[in-house]
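Read the structure below first, then the notes.
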Amino acid sequence: MAWNPTQIPDQTGRTFVITGANGGLGAETTRALAAKGATVLMACRNVAKAEPVAASIPGDVRVVPLDLADLSSVRAFAEKTDEFDVLVNNAGLMYIPFTRTVDGFETQFGVNHLGHFALTGLLLDRIRDRVVTLSSIAHRQTPKLRVDDLNYDHRRYFRNLAYSQSKLANLMFARELQRRLAAAGSAVRSYAVHPGVSATELFARTETPLDFVLRPAVRIVGHSPAKAAHSTLFAATTPDADPETYWGPNRLFGSQGPVAPCPSTKLSKNRELQLALWTESERMTGVTYRF
């Protein structure tokens, strides 16, 4: 029988931090967890947009400001956050024009990977259970990871490849984090998941005519945001879920279907590249992990 949210155990007494929870997958994840008794902190850049979403969800749901494109905001959030159970690195940007974050990072890489890398490192000593990081089937689309130019300082910017690079980095980060947690004998676990394809707001920010094409197209090949959130919910709440497995839908090339073990590229499993990415991420963010 396919996994579904009715199988989530009672979450009363457990607290979840979910980035980018003001819409799409984040809002659906929040809704499902709150329905099971969890306290959910919606960590969002746009508080004004997040507040009505939080108010529409029954349960203990709170909005906390967090801008992953600004490391000072990430640090401020971490300083104010007490112990909690699960961090869900959900927020993301996709196919946007070339811009830079407050700290000078290429924005897709800066938000999708570096912001979450810094956030997780700063919160690690307060996470009781696990970290769930969202990657994407798009990680397959980049043929290499230029660790020597993650910021697009010396090469032409292609928005689709920049997005793929950031999602590859998410997957490699989740795996390297799990490896380091296990080596340290920590009870905390790190999971990598992907949601498949779903018509969320990610598909309306390109500032090109694609905005009018992508969302209708993905409705045909993908599945609803509620179903796309299943892999996140499974990894965040299933006690015996294997952290070594890449979880997500596995039908129609991973675009839809029930939660299952999923394939990933040989590049994503490159141990030497994972180490290089980790070292460079610590250098760029100034956040050093302590296990």
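Okay, here's what the table says:
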{"read-out": "Condition broken by Asn22, with the remaining ones in (1) of a type outside the set (A, V, I, L, M); (2) under 19 Å from the mean Cα position of the chain (by Cα); (3) not in a loop (DSSP other than H, G, I, E, B) satisfied", "value": "(3)"}
{"read-out": "Residues of the stretch 274-290 classified as surrounded by 13 or more Cβ atoms within 10 Å (Cβ to Cβ) and more than 20 Å from the chain's Cα centre (by Cα), total", "value": "1"}
{"read-out": "Conditions (1) closer than 23 Å to Asn270 by Cα; (2) of a type in the set (A, V, I, L, M, F, W, C); (3) modelled with pLDDT under 85: number failed by Ala199", "value": "(1)"}
{"read-out": "Any hit, the stretch 99-120, residues being small (Gly, Ala, Ser), without any contact (Cβ under 8 Å) to a residue 60 or more places away in the chain and open to solvent by 40 Å² or more (accessible area, probe 1.4 Å)", "value": "no"}
{"read-out": "Count - residues of the stretch 32-63 that are without any contact (Cβ under 8 Å) to a residue 24 or more places away in the chain and more than 20 Å from Thr232 (Cα to Cα)", "value": "6"}
{"read-out": "Selected residue (only one of His194, His139, His113 is in contact with a Leu (Cβ under 6 Å, 6 or more places away or on another chain) and closer than 19 Å to Lys269 by Cα)", "value": "His139"}
{"read-out": "Filtered residues of the stretch 273-291 (kept if in a loop (DSSP other than H, G, I, E, B) and of a type in the set (S, T, N, Q))", "value": "Thr288"}
{"read-out": "The stretch 121-142: number of residues that are without any contact (Cβ under 8 Å) to a residue 60 or more places away in the chain and more than 29 Å from Thr238 (Cα to Cα)", "value": "1"}
{"read-out": "Candidate set: the stretch 70-83, residues that are closer than 14 Å to Gly110 by Cβ and either hydrophobic (A, V, I, L, M, F, W, C) or in a loop (DSSP other than H, G, I, E, B) (or both); chosen: the one least open to solvent (accessible area, probe 1.4 Å)", "value": "Val74"}
{"read-out": "Residue count, the stretch 224-233 (criterion: surrounded by fewer than 24 Cβ atoms within 10 Å (Cβ to Cβ) and under 16 Å from Gly37 (Cα atoms))", "value": "0"}
{"read-out": "Residue within the stretch 84-102 that is aromatic (Phe, Trp, Tyr) and in a loop (DSSP other than H, G, I, E, B) present", "value": "yes"}
{"read-out": "Sole residue being out of contact with any Leu (no Cβ under 9 Å at 6 or more places or on another chain) and open to solvent by less than 20 Å² (accessible area, probe 1.4 Å), chosen from Ala43, Ala55, Ala34", "value": "Ala34"}
{"read-out": "Residues located in the stretch 224-272, provided they are in a helix (DSSP H, G or I) and over 10 Å from Pro195 (Cβ atoms)", "value": "Ala226, Leu233, Phe234, Ala235, Ala236, Thr237, Leu267, Ser268, Lys269, Arg271, Glu272"}
{"read-out": "Residues of the stretch 125-150 classified as open to solvent by less than 20 Å² (accessible area, probe 1.4 Å) and within 24 Å of Leu71 (Cα to Cα), total", "value": "11"}
{"read-out": "Selection from the stretch 270-281 of residues that are touching a residue at least 24 places away in the same chain (Cβ under 8 Å) and of a type in the set (Asp, Glu)", "value": "Glu280"}
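The values are calculated or read from the model by the stated rules, or taken from the named source; none is laboratory data. Small disclaimer: the values here were computed from a predicted structure and weren't measured. Methodologically, a virtual Cβ is constructed for each residue, glycine included, from the backbone with ideal geometry; neighbour enumeration extends over all protein chains shown. In case anyone asks, the SASA skips ligands and DNA or RNA and just uses the protein heavy atoms, side chains included. Shrake-Rupley method; radii C 1.70, N 1.55, O 1.52, S 1.80 Å.
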